[in-house]
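The values are calculated or read from the model by the stated rules, or taken from the named source; none is laboratory data. Computed from a prediction, not measured in an experiment: that's the story for all the values here. All Cβ positions, even for glycine, are placed from backbone atoms using ideal geometry, and neighbour counts span all protein chains on display.
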Amino acid sequence: MKLSQVRLLVNDFHENVAFYKDVMEIPMGFSAEEMQFASFNTGETKIEIFSRQNIVEVLDENHLPTGTESQSKFLLAFAVDDVDEVCARLKEKGVELLNEPHDRQAWNARVAHLRDPEGNVIELYKHPL
């Protein structure tokens, strides 16, 4: 098996599409407004954004108790050429980093973390140190 996409299940479709397209500058491959679905090309693996409300209907989760969240949050990791440069560009666009770029000796990587509008953690990293 090979991972082909990561699907983010979001409450605000438009805000998240704008974030990944305009702030993270990931090329959009496909968008279907009527389905509230968008796909971004990141290389071999794609990121897809899909409305939480739509997935609740698709998975027939309408019977869950009020306030129960059907999807867990997770981390998206992006390899970059220069963590510091990417973070500087993101900060210019108003992104607040969870931590500044720093070296993680145990990982042999330079990393930084931020959140998207839905609270999903994004890791930017460069291997090796």
* Limited to region 97-124, what total is found for residues that are within 19 Å of Leu8 (Cβ to Cβ) and of a type outside the set (A, V, I, L, M)? -> 8
* To do: All but one of (1) out of contact with any Lys or Arg (no Cβ under 7 Å at 6 or more places or on another chain); (2) at pLDDT below 85 hold for Leu9, so report the exception by its number.
  => (1)
* To do: Go through the residues of region 39-50 one by one and say whether even a single one is touching a helix residue (DSSP H, G or I) at 6+ places or on another chain (Cβ under 7 Å) and modelled with pLDDT of 90 or more.
  => yes
* To do: For region 1-16, enumerate the residues that are more than 15 Å from Ile122 (Cβ to Cβ) and buried (at least 20 other Cβ atoms within 10 Å of the Cβ).
  => Leu9, Phe13
* 1 or more residues among the hydroxyl-bearing types (Ser, Thr, Tyr) and at pLDDT 85 or above: qualifying strands (runs of 3 or more DSSP E) within region 73-127 -> 121-126
* Say we look at region 18-29 and pick out the residues that are within 10 Å of the chain's Cα centre (by Cα) and in a helix (DSSP H, G or I); which of these is surrounded by the fewest Cβ atoms within 10 Å (Cβ to Cβ)? -> Phe19
* So Glu33, is it loosely packed, with under 13 Cβ neighbours inside 10 Å and at pLDDT 85 or above -> yes
* Filter region 86-125 down to the residues that are farther than 27 Å from Val17 by Cβ and of a type in the set (D, E, K, R), then identify the one that is surrounded by the most Cβ atoms within 10 Å (Cβ to Cβ). => Arg110
